[in-house]
Amino acid sequence: MPLLVNCVSCDELFDECGGSMSRGRHYAPFCSRYCRIFHREGYQLGQYPHFERKCDWCGAAFQLTRGKYEGSQRVCSLKCSREARAKRNNKAHRVLQTMKILARPVSAHEIAYELSKIPCNGWRNTLGSQSVANVLKLLNARGAIKILTGKNKQAYTYKLRDPNAPFKQYGKPA
Ligand SMILES: [Zn+2]
Ligand SMILES: [Zn+2]
């Protein structure tokens, strides 16, 4: 179900639940990655600088610009986008990316919830909590994440070992 809310930064309507126009759906209450940075770093409306960010996949720098489509960019190039989404890397990449965006210890359930939001191409590709838990196990074995144990398995939370490490090193060789 669409849930239209106004972005806390630019005031434009966006759909918290995903759907078309929601490339930035993981940044609620902001409409995009750009708006989240803009707001947190205290910029004033009317000046829209580019922000230099590093590609999630390979670590190369790129300029993040404002906009409905480009404002939530996370990789530097089409090449990295293809590599990250290739079948052998897709699940691990999506889980890592969600953890990086949320930037706090999260449960498998929370990751699955974020991934259940409909992407801008309308093509839903969810991962249930159990699949997420399996991916997390793999990522732990590859040294990408840390497990914070709780009173039972459901209470476990996970965080990235190094939030700045390019994900490529945790991918599967082609
Ligand atoms: Zn916005
Ligand atoms: Zn890249």
DSSP-defined antiparallel bridges as percent of all bridges, the chain, nearest 5:
90
In whole µm²/s, the translational diffusion coefficient that Stokes-Einstein assigns to the range 10-92, given a Kirkwood hydrodynamic radius over C-alpha pairs, 25 °C and 0.890 mPa s, equals 180
Beyond a 21 Å Cα-Cα separation, which of these cross-linked pairs lie in this structure: 79/137; 79/168; 117/137; 54/79; 146/168?
79/137; 117/137
If you filter the range 62-161 for chymotrypsin sites (Phe, Trp or Tyr not before Pro), then keep DSSP loop positions with at most 13 other Cβ within 10 Å, what is left?
69, 123
Choice from 143, 71, 46 with maximal GNM fluctuation in the chain (Cα, 10 Å cutoff):
46
The range 4-170, relative contact order [Cα under 8 Å, separation at least 6], %:
20
If we restrict to alpha carbons, what Rg and Dmax does the range 4-170 come to, in Å?
15.9, 49
Sites excluded, GluC sites (Glu not before Pro) in DSSP loops with at most 14 other C-beta within 10 Å, longest stretch of the chain:
42-174
Helical mean residue ellipticity (222 nm; -39500 (n - 2.57) per DSSP H run of 4+; nearest 500) of the chain
-9000 deg cm²/dmol
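Read the figures in this text as sums done on the coordinates, not as results from a lab. Note that the coordinates shown come from a computational prediction; the quantities given were computed from them, not determined experimentally. Positions of Cβ are generated from backbone atoms using ideal geometry, with glycine treated the same way; all protein chains shown enter the neighbour counts.
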